[in-house]
1. Given 0.36 nm per residue, what is the gain on full extension from Ile267 to Thr214 after removing their alpha carbon distance, in nm?
2. By per-residue mean of other Cβ atoms within 10 Å, what is the highest-first order of 133-145, 301-313?
3. Which value, in Å² and to the nearest 10, is the accessible area of Trp177 when all protein chains are kept and the probe is 1.4 Å?
4. Which cross-chain or sequence-distant (5 or more) residues have an amide H under 5 Å from the amide H of Cys197, H modelled 1.01 Å from N in plane?
5. For region 145-256, give the share of DSSP beta bridges that are antiparallel, in percent and rounded to the nearest 5; count only bridges with both residues there.
6. Multiply the residue gap between Ser109 and Thr321 by 0.36 nm, knock off their C-alpha separation, and tell me the result in nm, one decimal place.
7. If packing is taken as the average number of other Cβ atoms within 10 Å across a peptide's residues, how do 233-242, 179-188 rank, most packed first?
Amino acid sequence: MREELFMKDDYLWDGSGEPDPEVQKLETALGRFRHDQPAPSFDQLGDIRPLKSPKGFFSLHFPFKLAAVAATVLIVGTLFYFLRRPNLPVDLGPAWDVARLEGAPKVGSKSISANSGVAKLAVGQTLVTDGSSRASITLDETGRVEVDAGSRLRLVANGPGRKRLSLERGTIHATIWAPPGEFVVDTPSAVAVDLGCVYTLHVDDSGAGLLRTTMGWVGFKLNGHESFIPAGAVCNTRPTIGPGTPHREDASEIFRSCLHRFDFEAITPAERNELVRILLSQARKIDAFTLWHLLSRVSDADRPGVYDRLTALAPPPAGVTRDGILRLDRTMLDLWWNSLGFGDIYLWRTYERNWSQRPPDAK
């Protein structure tokens with residue numbers, strides 16, 4: 001038995017001995033893949049060019065390795081410095097002086113007590129007064145702002161010629177002696193641009209506001225909706241709607257009620273037409289500036305009636321025509337405003353444009 005196995009194994013090695021049927025069958029199946037070329041001479045292998053392996057970091061000479069490591073350390077170190085370095089102070093103009101008037105107002109997290117003296121309000125910081133505290137902020141070159149109890153006020157910008165506060169809620173009383181157009185207050189429902197004046201601005205928890213001018217006049221705007229509030233007048237404002245139609249504080253109750261409905265309530269065209277009729281019948285000569293605002297707020301059908309009533313109260317100056325006003329010609333509307341004696345509207349056109357073209361937080 002062992003002899004038969006050796007005979008079969010000899011066939012596998014050198015083809016001698018008795019062939020195994022299974023092996024012969026396998027040889028027949030694989031025969032077509034038989035290699036019939038002569039084996040290569042090992043003497044020729046030295047002439048075959050070896051494949052070039054890609055050079056990596058570890059195949060470099062030592063000086064090149066050292067330079068690569070140094071460059072990597074420099075890049076990583078630079079990135080780490082710029083990402084982790086502390087914020088350096090930026091010159092955003094002088095801080096406003098904050099003085100305590102009552103209670104313990106706060107600048108940021110710091111309370112101002114009776115013994116702490118004057119604090120500083122820098123750009124980005126917030127002044128908060130609770131229900132029992134009041135404060136004033138002053139910048140010599142700009143003006144003074146008194147902050148009533150229950151208010152929250154933030155300094156947005158304080159660069160040369162650009163002072164901007166944000167009244168989030170509460171009441172401020174501003175006395176501004178800076179040139180017109182340099183002092184602005186944001187509210188949730190309108191932006192107030194000082195045109196050389198003294199005024200009070202209130203914002204309630206809903207974001208609605210009320211501006212009352214004591215001296216000079218103030219521009220009030222939200223998007224393209226604008227109002228001008230001269231001394232002795234007030235103007236309401238609402239979020240998403242913007243400022244309403246300004247009117248005299250001493251206007252009749254029916255006049256003020258009709259304006260409020262016209263500005264802020266959802267009413268039918270017929271109801272608006274009736275409100276305009278009442279306003280025109282109730283208007284006094286001193287209410288001419290209110291009718292001037294209505295020119296651009298009423299429907300085309302109601303505008304001729306407003307024009308006629310305003311003409312009777314304050315005749316238009318030379319260069320202003322009925323046709324031009326009915327078309328809402330901007331130049332003619334501006335000329336008519338200037339003739340009312342409340343201020344040159346050129347100031348508003350100039351400074352409002354400058355503020356609108358720059359981001360609120362710019363210097």
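1. Values: separation 53, 0.36 × 53 = 19.08 nm, distance 3.24 nm.
Between Ile267 and Thr214, full extension yields an extra 15.8 nm.
2. Working: 133-145: 19.7, 301-313: 16.8.
So the order, starting with the most tightly packed, is 133-145, 301-313.
3. Rounded to the nearest 10, the figure is 140 Å².
4. For Cys197, whose amide H was placed from the backbone, the distant partners under 5 Å are Ile176.
5. Working: 43 of 47 bridges.
Around 90 percent of the beta bridges assigned by DSSP in region 145-256 are antiparallel ones.
6. Values: separation 212, 0.36 × 212 = 76.32 nm, distance 5.84 nm.
Net length gain for the segment: 70.5 nm.
7. Top to bottom by mean Cβ count within 10 Å: 179-188, 233-242.
The values are calculated or read from the model by the stated rules, or taken from the named source; none is laboratory data. All values derive from a computational prediction rather than experimental measurement. Every residue, glycine among them, receives a Cβ derived from its backbone with ideal geometry; neighbour counts consider all protein chains shown. Just the protein is used for accessible areas: all its heavy atoms, side chains included, with ligands, DNA and RNA removed. Shrake-Rupley method; radii C 1.70, N 1.55, O 1.52, S 1.80 Å.
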